[in-house]
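Scroll down for the structure; my scribbles are underneath it.
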Amino acid sequence: MSSDFAFDDGLIQAARRAQRVVALSGAGISAESGIPTFRDAQKGLWAEFDPMELATPEAFERNPKFVWDWYAMRRQEMVEVEPNAGHYALANWAQRCSDFSVVTQNVDGLHQRAGSEQVIELHGSLLQVRCSAEEHKVVDDWLELPDEVPRCAHCEAYLRPNVVWFGEMLPMGALLRAEEVVATADLVLSIGTSSLVQPAAQLPYRALKAGVTVVEINPDETPLTADATYSLRGPAGQVLPALLAALSH
Ligand code: OAD
């Protein structure tokens, strides 16, 4: 496969050797599937919608139906799109390693649909809902009602999207697993994230502190760019397949 990207020899050597790889992903990896990112100045979700009216527990308390419908609309958009070459490259990369984890801030399920097996979802999943009163009551299958938000079969509280909202804790199990895989990684990729939202943004810094190679893949610079071991400028759907092909030569 010919490639428009010239990769540093040191990067290729490190990536060829790596056996415990962690790919940290954000909204940018799904951009080429047609899902808008959050912070794009023109087309980003947070340019069009106010996150305080949609992605906080207070917003849901004030107007549950409005919030429920917005997430239902995003869920519908997500089932209509397909994983892209970036998602598939990560699923294929896993075949070369003893351990390959994806740690994602995305809630779209596209890594799993591309075939990635070990996916840690830091911000939950749009494909599930849960009881708004009992955090651990996650529901995969529910009945949509035309005029109201469906309720928990157990306690009658409203169901809500199983995603993390502003001001909420991340699911502790997922965060601990993410910290664990990063702590034992020998290569960390940071793909398609603005590296602004904590605690996800801290994870590459932990790896750097431990002397692990961190490779950023993003068309734009981020706060991580200056610190990353390598920073590859370009869309994930092009850079990742080209990098994977370069490893096999
Ligand atoms: P952002 O919208 O903040 O950042 C997306 C990043 O993807 C930007 O740095 C873009 O430059 C980059 N990008 C765009 N197209 C790309 C492409 N084709 N390939 C690679 N990179 C590309 O999204 P996140 O960093 O994921 O949280 O945002 C983190 C969290 O903030 C989200 O999970 C969400 C949001 O508010 C919650 O809703 C709690």
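Just a few scattered comments:
- Phi angles across the range 85-90 convert, under the Karplus curve 6.51 cos²θ - 1.76 cosθ + 1.60 with θ = phi - 60°, into 3J(HN,Hα) values of 4, x, 4, 5, 4, 5 Hz, Gly and Pro given as x.
- Kirkwood Rh, Cα atoms: Rg over Rh of the range 128-224: 1.12
- Entry comment: accessible area of the range 96-193 is 48 Å² per residue, from protein heavy atoms only and a probe of 1.4 Å.
- Any cysteine of the chain lacking a neighbouring Cys Cβ under 4.7 Å - listed by number: 97, 155
- Positive-end residue of 10, 224, 182, charge dipole of the chain with Cβ unit charges: 10
- Residues of type aspartates and glutamates that residue 209 reaches as a straight line, Cα spacing below 16 Å, ignoring anything fewer than 8 places off in the same chain: 179, 180, 186, 227
- On Cα atoms only, tilt of 236-248 relative to the major axis of the chain in degrees: 40 degrees
- Annotation: the antiparallel percentage among DSSP beta bridges lying fully within the chain is about 25.
- Alpha-carbon Debye profile of the chain, log10 I(q)/I(0) at 0.10, 0.12 Å⁻¹: -0.49, -0.70
- The range 125-172 - percent of accessible surface contributed by carbon and sulfur, probe 1.4 Å: 54 percent
- Solvent exposure of the range 4-82, expressed per residue, is 53 Å² of accessible area, with all protein chains present and a 1.4 angstrom probe.
- Around residue 214: net Lys/Arg minus Asp/Glu count, Cβ-Cβ under 13 Å: -1
- Most fluctuating residue given options 188, 129, 197, as computed from a GNM of the chain linking Cα atoms under 10 Å: 197
- For the chain, the longest principal axis of the Cα atoms and the long axis of helix 64-79 meet at an angle of about 40 degrees.
- Modelled label positions at residue 172 and residue 225, each set 7 Å beyond Cα in the direction of Cβ, lie 3.9 nm from each other.
- Taking Cβ atoms as reference points and 15 Å as the exclusive limit, the residues near residue 38 contribute a net charge of -4, counting Lys and Arg as +1 and Asp and Glu as -1.
- Here the Gaussian network model covers the chain, with springs between Cα atoms less than 10 Å apart; of 84, 63, 92, 63 fluctuates the most.
The values are calculated or read from the model by the stated rules, or taken from the named source; none is laboratory data. Quantities reported herein were computed from a predicted structural model and do not represent experimental measurements. Every residue, glycine as well, gets a Cβ built from its backbone with ideal geometry; the counts of neighbours run over all protein chains shown. The accessibility values were calculated without ligands, DNA or RNA, using every heavy atom of the protein model including side chains. Shrake-Rupley method; radii C 1.70, N 1.55, O 1.52, S 1.80 Å.
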